[in-house]
Amino acid sequence: MSLNLKSVSLKLDNRQILKDVSLEINEGEIVSVIGPNGAGKSTLLNVLTGDITPDSGDTIYDNRQLNKISIQERAFTRSVMSQMQTLVFNFNVKDVVEMGWLQRGNSDFSSNFSIAFEAVTKECNVQNLVHRKFNSLSGGEQRRVHFARTLLQLWRPSQSNDPRYLLLDEPTANLDLSSEMLLMNILKARASSNVGILVILHDLNLASHFADKIAIMKDGEIKAFGKPEEIMTDDFLTSIYEVPIKVKYDPLRVRYY
Amino acid sequence: MTSRAQSIKSSITEFISSKQLLILFLLCIFTFVSVFIAIGTGSYDLSIINFILGKNTGLQNIVLLEIRVPRVILSAIVGASLGIAGAALQGLFRNPLADPGLIGVSAGAALGATTIIVIGANFFPNLYLGSFLLPVAAISGACFVIFMLYVLTKGFGYQGVTYMLLVGIAVNAIAGVGIGILTYISSDAELRSLTFWTMGSFGGVTWPLLIPAIIIITISLIFLIPNARKLDLLQLGEPEAYRLGIDVQRVKLSIIFTSASAVGASVALSGMIGFVGLVVPHLVRLIGGVNHKYLLPGSALMGACLMIIADLFSRILLQPAEIPVGLITSAIGSPFFLWLIFRMKRL
Amino acid sequence: MKYTLLIFISFLLQQNSFANECSPANDVSRVTVAGGSITEIMYMIDAEDSIIAVDLTSNFPERARSHPQIGYVRALSAEGILSLDPTIIIGEDDMGPPAVLEQINRTGVEVAIISEKHNIAGIKSKVECVAEILNKKAEARELFDTKLTPAIEKLNIASEKVSENQIKAIFILGLQSGSPLIGGMGTSANGLIEMIGAKNVLSSFEGWKPVSTESILMAEPDLILISNRGLSAFGDIESLRQHPALALTPAAENNNIIAMDGMAMLGFGPRTIFSALNIANDILEINDK
């Protein structure tokens, strides 16, 4: 099963934001989208989530047209993490995480809530923040809470085989090193549980280390798509970013230059 | 527990804490107590105990059943409508200063009422239309605004609540012009009726007027309360809410229209009563928290209590005369409003 | 649904159940009064002992103010009034709201509505009507013979003379949005000015309206009539004279400004006749000088 964009084009305010873009995210795979600002990465994500309808082309979820899938069903299939608004009212951290728990008619499911809740809050290292007010947290802590919510949305009992997808837009922005690694490792763990993941990253090192496939975007087009070692070459990256880039292979963990 | 019982239990206890459930329960009790006290207190000398024991005179019973009880019930219903509509609109607009007046519904109702006060008298001089035509006109005014809101927001689709607020401001302005013109051409007598209507009062309500109001408002509340969880999710922003499975456009329309209906019916019967929609949700949040499954019913209950008490004061402070209840709610509401603003600045 | 519709329609078609009749009431032992001019009349026809409550405009005579207060005539409280246990409530056509009157009537209290006309005939019929309702015809006769009729006769003569002088007058009730609030067509003030024999030179509009400086100046009023409360909105007579909207009028320049108690002038009870007479005499005195 997979999420697909097929020949998607979109014009906004007379600018061609996406030009005939196609992309596939398979279950169990991490696809990272990279590219300079203004390439159309966030727009691509928004078309994939269904926020925006493209002018032409199709968005396909598991072989079904997105527009034939109800809004609620979409929420069961994919969860999204992107730019966050501030919360006007003083919710608890627990409330915010809980917002990811979609009401499921199945009562067997709702009895799993506390198990699921404990699992994701522990995983994201926010279990000690649960009783605090969300607005009193630091930016990084708030992000981890939103991440926990996003994970909760996709939570399934272990015997489930539902296809699930996680879409993230620059989730590591403003995160400290340990949080960054925590998040990426969680993504890796999810991928091995067969969740399909699309993550927009600005950090090329992170992308190359964690992604199974890379999509490089520029000017509304996907210039290359494939395994990191195949497409991340000196010349190609330099031409994309218009800044001299040297690629070095390091068998150990990622180094930061 | 059977799975059916389980799902009923979880639909009540999900997304609301036990502390909050307790507060709601206490508010229920408080409301009943207020109703009882309000029915038993007033200028006219009578007691409920005597009524139950059958010891009241016929006149006392008439005053009790035809004057006091409908009045107290109306104040409770109007208070509940304004309270819950205020909470829903603050959630929808993600703005703690939102108020039913903001979306223009009160102005629409006022426009309808003004039209009838100023012009109606000229067209229907021989018919005694008095107390019934006014509420009908006010509800029509509110419906007109609702219709305008519907047409204007539907055509522009996914535009966000800022746009809706702007539409509300525009509607208020238009209604204001209409009311201004009508006020200017009004005779002195009409002007004074108008002034008193804009200060709000529960006097003069009778059962035939009350029953349609109860129906409209109850239906609105029934449609509003299931939106509680969705209002929580909307706090993350409209894109996020959509991604969590909420049909945002539908929720927006549903909340706007049910609030407008409830508020329109209330304004129609009792005139403009301000601040309740603004103040009550904040009080309820202060006491128990912000999630809407608690907030919406809590605001309805507290709104009812507050209004019952305000009406009680309006009846007894200057007896046998009455103070318009809108003055009392403004007197309490304005300082609270100021305090609210200062508190926001600190955050 | 049908039932609701039926109630709705029956409400629409309901005739006003309190016809403007002056027939004697059944029980006049406890009277609630909603109108200052009616209170005035009751004191003058020796009916004051049956008064149990009055409204905000009942300020004459002084001792009338000591009664329990029912508030503003247009915003009466059913329960409040009933708690005083009246047998009848007497008011003018601005008494309301209608629903409250309904409620009061349904408990057995009579509701008498007296229509008001802003002229001498109107005042006379008002007195007669009140007397008829309260069964004080003899006392009313005496009031007419000893006080009202002579005053009316003098007023008729005086107003003739005033109209010969073609006095241009305006009535100011106060200030609204910075401009003087003037009585136009159909107002009690208009009636007063006509009773005096003067001409209301700002009567092209209906009701009370704020009027611009230019219109006031174009009207060139010789005389300004103003209520005491209206005067306090300006300050005192000097401030009134110097107000930009009025300073250049003949009335202000010649200090032809008369201020009196508002109800005495506009209540259209017997006091209005005496007030009109005083004002007419003042005008003639000024003109003679």
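For this structure, a couple of remarks:
- Helices (runs of 4 or more DSSP H) enclosed by region B:1-115 - at least 2 residues per element that are within 28 Å of C:Pro97 (Cβ to Cβ) and of a type outside the set (Lys, Arg): B:18-40, B:48-53, B:58-62, B:69-92, B:105-115
- Flag if B:Ala304 is among the small types (Gly, Ala, Ser), more than 11 Å from every other protein chain (Cβ to nearest Cβ) and surrounded by fewer than 20 Cβ atoms within 10 Å (Cβ to Cβ): no
- Qualifying residue in region C:6-25 (condition: within 23 Å of C:Glu132 (Cβ to Cβ), modelled with pLDDT of 90 or more and within 19 Å of the chain's Cα centre (by Cα)): no
- Filter result for B:Ile332 (without any contact (Cβ under 8 Å) to a residue 60 or more places away in the chain, more than 14 Å from chain C (Cβ to nearest Cβ) and either among the hydroxyl-bearing types (Ser, Thr, Tyr) or in contact with a helix residue (DSSP H, G or I) (Cβ under 9 Å, 6 or more places away or on another chain) (or both)): yes
- Candidate set from region C:56-76 (those that are more than 11 Å from every other protein chain (Cβ to nearest Cβ), of a type in the set (Ser, Thr, Tyr) and in contact with a helix residue (DSSP H, G or I) (Cβ under 8 Å, 6 or more places away or on another chain)); member that is surrounded by the fewest Cβ atoms within 10 Å (Cβ to Cβ): C:Thr57
- Residues satisfying the stated conditions in region A:82-102, i.e. farther than 19 Å from A:Leu166 by Cβ and more than 7 Å from every other protein chain (Cβ to nearest Cβ): A:Thr86, A:Asn92, A:Val93, A:Lys94
- If you go through region B:203-237 and keep only what is closer than 24 Å to A:Val88 by Cβ and facing another protein chain (nearest Cβ under 9 Å), you end up with B:Arg229, B:Asp232, B:Leu233, B:Gln235, B:Leu236, B:Gly237.
- Residue in region B:273-293 that is aromatic (Phe, Trp, Tyr) and more than 14 Å from chain A (Cβ to nearest Cβ) present: yes
- Residues (within 23 Å of C:Glu48 (Cα to Cα), aliphatic (A, V, I, L, M) and not in a loop (DSSP other than H, G, I, E, B)) located in region C:79-100: C:Ile81, C:Leu82, C:Ile88, C:Ile89, C:Ile90
- Filter pass, A:Asn90 being buried (at least 17 other Cβ atoms within 10 Å of the Cβ) and of a type outside the set (Gly, Ala, Ser): no
- For region C:100-121, the tally of residues that are of a type in the set (A, V, I, L, M, F, W, C) and in contact with a Leu (Cβ under 8 Å, 6 or more places away or on another chain) stands at 6.
- Helices (runs of 4 or more DSSP H) (entirely within region C:179-289) containing at least 3 residues that are at pLDDT 90 or above and surrounded by 20 or more Cβ atoms within 10 Å (Cβ to Cβ): C:188-196, C:262-266, C:270-288
- A:Ser56 of a type in the set (S, T, N, Q), farther than 30 Å from B:Asn95 by Cβ, touching a Pro at 6+ places or on another chain (Cβ under 9 Å) and more than 14 Å from chain B (Cβ to nearest Cβ): no
Okay, residues lined up against (1) modelled with pLDDT of 85 or more; (2) among the small types (Gly, Ala, Ser):
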| site | (1), (2) |
| --- | --- |
| B:Ala310 | yes, yes |
| B:Leu318 | no, no |
| B:Ala321 | no, yes |
| B:Gly326 | yes, yes |
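- Boolean, A:Glu141 is over 19 Å from the mean Cα position of the chain (by Cα), without any contact (Cβ under 8 Å) to a residue 40 or more places away in the chain and more than 12 Å from chain B (Cβ to nearest Cβ): no
- In region C:25-50, the residues that are in the same structural domain as C:Asn105 (by TED's automatic domain parsing) form Cβ pairs under 6 Å with partners that are of a type in the set (Asp, Glu) and part of a strand (DSSP E or B), at six or more places apart or across chains, as follows: C:Ala25/C:Glu110; C:Gly35/C:Glu92.
- Any hit, region B:313-327, residues being of a type in the set (Gly, Ala, Ser), more than 14 Å from chain C (Cβ to nearest Cβ) and under 30 Å from C:Val73 (Cβ atoms): no
- Taking (1) closer than 23 Å to C:Leu148 by Cβ; (2) at pLDDT 90 or above in turn, C:Phe60 satisfies each apart from (2).
- Among the residues of region B:44-69, the ones that are surrounded by fewer than 21 Cβ atoms within 10 Å (Cβ to Cβ) and either more than 14 Å from chain C (Cβ to nearest Cβ) or of a type outside the set (A, V, I, L, M) (or both) come to 16 in all.
- Conditions (1) of a type in the set (Val, Ile, Thr); (2) under 24 Å from B:Leu210 (Cβ atoms); (3) at pLDDT 85 or above: number failed by B:Ile246: (2)
- Only residues that are part of a strand (DSSP E or B) and within 18 Å of C:Ile286 (Cβ to Cβ) were counted across region C:162-178, and they come to 4.
- Qualifying residue in region A:38-59 (condition: more than 28 Å from A:Ala215 (Cα to Cα) and either free of Cβ contacts under 8 Å to residues at least 12 places away in the same chain or in a strand (DSSP E or B) (or both)): no
- C:Ile51 of a type in the set (A, V, I, L, M, F, W, C) and farther than 30 Å from B:Val72 by Cα: yes
- Candidate set: region A:9-37, residues that are outside any strand (DSSP E or B) and small (Gly, Ala, Ser); chosen: the one farthest from A:Met84 (Cα to Cα): A:Gly28
- Just one of the listed residues (A:Asn135, A:Asn174, A:Asn125) is in contact (Cβ under 8 Å) with a residue 40 or more places away in the chain and assigned to a loop (DSSP other than H, G, I, E, B), namely A:Asn125.
- Comparison of B:Gly86, B:Gly101 shows that the only residue that is at negative phi, surrounded by 20 or more Cβ atoms within 10 Å (Cβ to Cβ) and within 14 Å of chain A (Cβ to nearest Cβ) is B:Gly86.
Conditions (1) modelled with pLDDT of 90 or more; (2) touching a helix residue (DSSP H, G or I) at 6+ places or on another chain (Cβ under 9 Å); (3) not aliphatic (A, V, I, L, M), marked per residue:
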| site | (1), (2), (3) |
| --- | --- |
| A:Glu141 | yes, yes, yes |
| A:Leu152 | yes, yes, no |
| A:Gln159 | no, no, yes |
| A:Arg164 | yes, yes, yes |
| A:Ser178 | no, no, yes |
| A:Met184 | yes, yes, no |
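- Test: residue in region B:263-272 that is on the phi < 0 side of the Ramachandran plot, surrounded by fewer than 24 Cβ atoms within 10 Å (Cβ to Cβ) and more than 16 Å from the chain's Cα centre (by Cα): no
The values are calculated or read from the model by the stated rules, or taken from the named source; none is laboratory data. Bear in mind that the values here come from a model prediction, so they are computed numbers and not experimental data. As a convention, Cβ positions derive from the backbone with ideal geometry for all residues, glycine included, and neighbour counts pool all protein chains shown.
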